[in-house]
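The structure appears below as structure tokens.
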Amino acid sequence: PLNLSGGGASLRQYVHMHDVSSAILLALNNHSNLYEEYHISSSVNVTIKDIVNESLAFFNLDIDTAAVTITPERPGLDHRYFLDDRKLRSLGFTNKIKFSDGLLKVKDWISELDQSLFAKLTYIHRP
């Protein structure tokens, strides 16, 4: 079963690695100071529950019928992470890959893997 801490209400902003690579190249090519810092982020807020729901939908499941257990929020869990990426966006950066499209690519990538690899995996959360 999947434990969904705090009902999955925590907010995150995810960026596809292709967008991260593009952002790094843009920063390197548009600024002469190699020590300049840029935050790479997305303007789209996604809850952990959204990720679970979208992932389950790939398999025609929903959170009410899948093996998902709502648990209390973990102590010390940050409810949200947001980075100020205005400096990078001022160079012209935009996210090209939507979250749902990136998630679909991950699903396709996993389906191409040798499934016997997953039989050996065990996840243990250690706070």
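The values are calculated or read from the model by the stated rules, or taken from the named source; none is laboratory data. Please read all numbers here as calculations on a predicted model, not as lab measurements. Glycine also receives a Cβ, built like all others from the backbone with ideal geometry; neighbour counts cover every protein chain displayed. Just so you know, the surface numbers come from the protein's heavy atoms only, side chains and all, with ligands and any DNA or RNA stripped out. Shrake-Rupley method; radii C 1.70, N 1.55, O 1.52, S 1.80 Å.
For Asn3, list long-range residues whose amide hydrogen, built 1.01 Å from N in the peptide plane, is under 5 Å from its own amide hydrogen.
Thr69
In a GNM of the chain with a 10 Å cut-off on Cα contacts, which of Thr47, Thr71, Thr94 has the highest mean-square fluctuation?
Greatest mean-square fluctuation among the candidates belongs to Thr71.
Mind checking the per residue accessible area of region 45-108 for me, 1.4 Å probe, whole number of Å²? If you can, show how the numbers build up before the last one.
Numbers: 4470 Å² over 64 residues.
With all protein chains present, region 45-108 gives 70 Å² per residue.
Where the accessible area of region 36-93 is counted over protein heavy atoms with a 1.4 Å probe, how much of it, in %, is carbon and sulfur? Present the calculation step by step, with values, prior to reporting the outcome.
Working: 2100 of 4030 Å².
Carbon with sulfur: 52 percent of the solvent-accessible area.
Across region 1-121, how many lysine pairs, 8 or more apart or on two chains, come within less than 28 Å at their alpha-carbon atoms?
12
Where in the chain are the DSSP H helices whose alpha-carbon span along the long axis reaches 15 Å or more and whose Kyte-Doolittle mean is at least 0.5? Don't skip to the answer; put the middle values down first.
Values: long enough: 17-30 (19 Å, 0.74); 99-112 (20 Å, -0.15).
Membrane-span-like by this criterion, though nothing is claimed about a membrane: 17-30.
Scan the chain and report its longest stretch carrying no chymotrypsin sites (Phe, Trp or Tyr not before Pro) that are both in a DSSP loop and have at most 14 other Cβ atoms within 10 Å. Don't skip to the answer; put the middle values down first.
Working: sites that count: Tyr35, Phe58, Phe59, Tyr81, Phe82, Tyr123.
Result for the longest clean stretch: 83-122.
Rounded to the nearest 0.05, what FRET efficiency is calculated for Lys96 and Asn30 with R0 set to 22 Å and r the Cβ-Cβ distance?
After rounding, the FRET efficiency stands at 0.85.
Could you compute the FRET efficiency for Arg86 and Ala57, with r as their C-beta to C-beta distance and R0 at 41 Å, rounded to 0.05? Don't skip to the end; give the middle numbers.
Values: r = 33 Å, r/R0 = 0.81.
E between Arg86 and Ala57, to the nearest 0.05, is 0.80.
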